[in-house]
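For reference, the structure discussed in these notes is given below.
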Amino acid sequence: MAPRRQAAMDMFHNQQTGFFPRGQSITRETVFDYLRTSSDNVKLLDTTGRVIFANKHSRDSIGSRVVNGRYWWDLWPSESHPLVIDALKRVLQGSTVDFLGFRTSQNGSPGWWQVEMAALTDEFDQIDMIFMVARDLTPRVGAQAVASRF
């Protein structure tokens, strides 16, 4: 299996996030069922960084039904743009990326998000999409870290 495709598969099988148990066959249908029903914020980005899919949970946390077609970094506060743009660049260079970012939720409450990203490749191992999952870690990071932002 090509390295980038393996990185995306490893992300699906990540022990920490537990998307799919090891050994379970991952089909296109399995992935799209996960994308639609996950309680995580799940997005697919094109190679320019535009959102081409955002699940309901992701749209709800952003507070917008109109997400597709927007640049991913525009969904983050301007001070986080360098962080998320750098993450996108690293994924496009073949890395699997994991970072902790700060963003407010739709109701304006501050929050910390664990973001994982991996490239999805076509049959020629060319990157054609980016898979992104974000989880709200605010309860784990703690109120003190959030309060220190202000």
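Here are a few things to note about the model shown:
- In loop segments of the range 58-118 as defined by DSSP, the trypsin sites (Lys or Arg not before Pro) with at most 10 further C-beta atoms inside 10 Å of their C-beta are R65.
- Gain in span if fully extended, N68 to R140, counting 0.36 nm per residue against the direct Cα distance: 23.0 nm
- Maximal additional length on extending the T48-S80 stretch stands at 9.8 nm, based on 0.36 nm per residue less the C-alpha distance.
- For the range 67-133, the list of chymotrypsin sites (Phe, Trp or Tyr not before Pro) that fall in a loop by DSSP and count at most 15 other C-beta atoms within 10 angstrom reads F124.
Every number in this text was worked out from the coordinates using simple rules, so none of it is lab data. All of these numbers come straight from a predicted model, not from anything done at the bench. Reconstructed Cβ throughout: ideal geometry from the backbone, glycine too, with neighbour counts over all protein chains shown.
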